[in-house]
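Q: Here it is, the structure in full.
The values are calculated or read from the model by the stated rules, or taken from the named source; none is laboratory data. This structure is a prediction, so every number in the text was calculated from the model and none was measured. Backbone-built Cβ (ideal geometry, glycine too); neighbour counts: all protein chains shown.
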Amino acid sequence: MNASVSLLRPAPSNPATRPELTEALRAAVTARAEAARNFLREAVAEFGTAGELAFANSFGAEDMVLTDLILQAELPIEIFSLDTGRLPAETYALIGEVEKRYGVKLKIYFPDAGAVEQYVRTHGINGFYDSVELRKGCCGVRKMEPLRRALAGKKAWITGLRAAQSVTRTGMALREFDEGNGLEKLNPLLDWSENEVWAYIRLFDVPYNALHDQFYPSIGCAPCTRAIAVGEDVRAGRWWWEDPTTKECGLHVSER
Ligand code: SF4
């Protein structure tokens, strides 16, 4: 019996996930990928011994590009993920697909069960809708505390952040000190365009989250993520009920 996860989904329709693979785009992506690989190799040379360099994989399109770059080049970079317990079914399906495709078992961190139970007893199962403070409290329990454990003892972490993703991400650098977590943060895809990300995924047949085809450019927890309309900011589907300038979960907020 085929035990792979099968989900019923609408037919793919988001054109952003299928850019026309022109010669110019192929050349741009090839150059971008080479630069990102070199950047990662330099990071390994500087931080890569004894598991001091880690990539936080949240399984978005950018993170799948990085996953492919790291695993195909067999770079000694630890890859970890956070399972908040509220992820969409499509993300769990992708996790299984990644494990099969690359022949790896992923290192996944879970929230502290007692802290989640306490939050839910106090604020309700969906308390995060009630205020920015309660939303950040939920992200704190389900994401920030596990992230702190994942980053403990690390000297640098790698993310798939791109500057063009939202108003909260302009002004980022390829490399910056993450004062909140006390280590270097490396953003190898900083200057990539959305087109280049999808061109890489298509050119190298990289697995990706099926929700991207349904107009979810940015995917987090199921209750806090929705599809966006054409022309909306790519982060508009995350915590859509909040002001855009407050919409980070804390994972990538600079303390400066
Ligand atoms: S994204 Fe939503 S469900 Fe997920 S941890 Fe944050 S508030 Fe909680």
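Listed here are the residues, each with its yes/no results for (1) within 16 Å of the ligand (Cβ to nearest atom); (2) more than 16 Å from Leu174 (Cβ to Cβ); (3) of a type in the set (Ser, Thr, Tyr).
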residue	(1), (2), (3)
Asn14	no, yes, no
Thr22	no, yes, yes
Leu25	no, yes, no
Ala35	no, no, no
Gly60	yes, yes, no
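Q: While we're on this one: Answer yes if at least one residue in region 80-99 is over 19 Å from the mean Cα position of the chain (by Cα) and either at pLDDT 95 or above or not in a helix (DSSP H, G or I) (or both), and no otherwise. Step through it out loud before you land on a result.
A: First pass over region 80-99, keeping only residues over 19 Å from the mean Cα position of the chain (by Cα): none.
The answer is no; no qualifying residue exists.
Q: Only one of (1) under 14 Å from Ala16 (Cβ atoms); (2) modelled with pLDDT under 95; (3) touching a helix residue (DSSP H, G or I) at 6+ places or on another chain (Cβ under 9 Å); (4) not basic (Lys, Arg) is not met by Tyr200, so which one is it?
A: Every condition holds for Tyr200 apart from (2).
Q: Would you please name the residue that is nearest to the ligand (Cβ to nearest atom), looking only at residues in region 123-148 that are in contact (Cβ under 8 Å) with a residue 24 or more places away in the chain, assigned to a helix (DSSP H, G or I) and over 20 Å from the mean Cα position of the chain (by Cα)?
A: From region 123-148, those in contact (Cβ under 8 Å) with a residue 24 or more places away in the chain are 126, 128-129, 132, 135-136, 139-148; that's our starting set.
So of that shortlist, the ones also assigned to a helix (DSSP H, G or I) come out as 128-129, 132, 135-136, 139-148.
So of that shortlist, the ones also over 20 Å from the mean Cα position of the chain (by Cα) come out as 128-129, 132.
Numbers: Phe128: 4, Tyr129: 9, Val132: 10 Å.
If we take residues in region 123-148 being in contact (Cβ under 8 Å) with a residue 24 or more places away in the chain, assigned to a helix (DSSP H, G or I) and over 20 Å from the mean Cα position of the chain (by Cα), then Phe128 is nearest to the ligand (Cβ to nearest atom).
Q: Can we say Met172 is at pLDDT 95 or above and out of contact with any Phe, Trp or Tyr (no Cβ under 9 Å at 6 or more places or on another chain)?
A: Numbers: at pLDDT 95 or above: no; out of contact with any Phe, Trp or Tyr (no Cβ under 9 Å at 6 or more places or on another chain): yes.
For Met172, the condition - at pLDDT 95 or above and out of contact with any Phe, Trp or Tyr (no Cβ under 9 Å at 6 or more places or on another chain) - is not met.
Q: Of these, Trp198, Trp192, which one is more than 16 Å from the ligand (Cβ to nearest atom), surrounded by 14 or more Cβ atoms within 10 Å (Cβ to Cβ), part of a helix (DSSP H, G or I) and aromatic (Phe, Trp, Tyr)?
A: Working: Trp192 fails: part of a helix (DSSP H, G or I).
After ruling out the rest, the residue left standing is Trp198.
Okay, residues lined up against (1) hydroxyl-bearing (Ser, Thr, Tyr); (2) under 29 Å from Glu179 (Cβ atoms):
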{"residue": "Gly103", "(1), (2)": "no, no"}
{"residue": "Glu117", "(1), (2)": "no, no"}
{"residue": "His123", "(1), (2)": "no, yes"}
{"residue": "Asn126", "(1), (2)": "no, no"}
{"residue": "Ser131", "(1), (2)": "yes, yes"}
{"residue": "Cys139", "(1), (2)": "no, yes"}
{"residue": "Leu147", "(1), (2)": "no, yes"}
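Q: Mind listing whichever residues of region 229-256 are within 16 Å of the ligand (Cβ to nearest atom) and at pLDDT 80 or above?
A: Restricting attention to region 229-256, the residues satisfying the condition of being within 16 Å of the ligand (Cβ to nearest atom) are 235-244, 246-253.
Hits for region 229-256 are Ala236, Gly237, Arg238, Trp239, Trp240, Trp241, Glu242.
Q: Take the residues in region 105-116 that are over 18 Å from the mean Cα position of the chain (by Cα) and surrounded by 12 or more Cβ atoms within 10 Å (Cβ to Cβ); name whichever of them is farthest from Val206 (Cα to Cα).
A: As a first pass, look at region 105-116 and keep what is over 18 Å from the mean Cα position of the chain (by Cα): 112-116.
Then drop every residue that is not surrounded by 12 or more Cβ atoms within 10 Å (Cβ to Cβ), which leaves 112, 115-116.
Values: Asp112: 32, Ala115: 36, Val116: 34 Å.
Once the filter is applied, the top-ranked residue is Ala115.
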